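Taking it in order: structure first as structure tokens, then the write-up.
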Amino acid sequence: MKRIAITGSNLSQRTVLSKAISDITGFDLIICSPYSTIAEKYGLVNEISKCQWPDSFVYCMGAFIQRAVIEQKFEDYYISDGSVFHEISWLKSRFPNIELIYERSMIESLERVITNYAIDQYDFIFHINSKNYLDVVDQCLKQTYFQHKIKYHIIDSINNEKALNQIMNLLQTR
């Protein structure tokens, strides 16, 4: 089996690399649904930037469920662009200093569910380093991996060709 998750912030070129790897390997590519699709389904505000805490949590949960259902349709070979980590990182980055214990515990609980799912499902997790060391989502992803002891490979994103070569070399060694 080779179920591959490509993670990184929106600044990391993860979608471009995911598509290239899919083309090279022939694996199906799973891309997260746009916010507008999930917002319409769950009756959320139209613009992601206007999401308050409740809508943001519903978006994160809905996006995770949708991605997990789609990934289960592909048995052995797929590439998940952003993987299930994308949504939880977005939520944690959006509300980094929540002080209310109930909301913080909801985020932590959802994060445990998502990380357990990822550990069980993905054979490889490639994290595309952001070129911006102040990238909050990038730092959040790395913190999640560290806290939950998730094995991942850091891919240097100086240029897409080098990053693609790094990923393909790692895939061939296993």
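Distance between the 7 Å Cα→Cβ label points at W53 and D120: 2.9 nm.
Spherically averaged projected area of the convex hull of Cα atoms, the stretch 45-123: 5.5 nm². Placing dummy labels 7 Å off each Cα toward the beta-carbon, the span from Q72 to V113 is 1.3 nm. Highest mean first, the peptides 147-154, 14-21 sorted by other C-beta atoms within 10 Å per residue fall in the order 14-21, 147-154.
Over all other residues within a Cβ to Cβ distance under 11 Å of I48, the charged ones net out to 0, with Lys and Arg as +1 and Asp and Glu as -1. Annotated for the chain: lysine pairs at least 8 residues apart or interchain, Cα distance under 26 Å, count 27. As a size descriptor, the averaged projected area of the C-alpha convex hull of the chain was calculated at 9.8 nm².
If one takes the longest principal axis of the Cα atoms in the chain, at what angle in degrees, from 0 to 90 and to the nearest 10, does the Cα axis of helix 53-73 lie? The helix 53-73 is inclined about 30 degrees to the chain. Averaging Cα coordinates gives a centre for the stretch 106-131 and one for the stretch 69-104; these two points are 7 Å apart. Relative to the dominant Cα principal axis of the chain, helix 101-121 is inclined by about 20°. Farthest towards the positive end of the charge dipole of the stretch 1-58, among the residues L44, V58, Q13, is the Cα of Q13, using unit charges on the Cβ of Lys, Arg, Asp and Glu. Taking the Cα centre of the chain as reference, the dipole from Cβ charges on Lys and Arg (+1) and Asp and Glu (-1) amounts to some 280 debye. Estimated from helices alone, the mean residue ellipticity of the chain at 222 nm is -18000 deg cm²/dmol (sum of -39500 (n - 2.57) over DSSP H runs with n ≥ 4, per residue). Just checking the listed ones, L29, L100, L110: in the Gaussian network model of the chain with Cα springs under 10 Å, the one fluctuating most is L100.
Read-outs throughout are calculated quantities, based only on the coordinates presented, and are distinct from any laboratory measurement. This is a predicted model, so every value here is computed, not measured. Methodologically, a virtual Cβ is constructed for each residue, glycine included, from the backbone with ideal geometry; neighbour enumeration extends over all protein chains shown.
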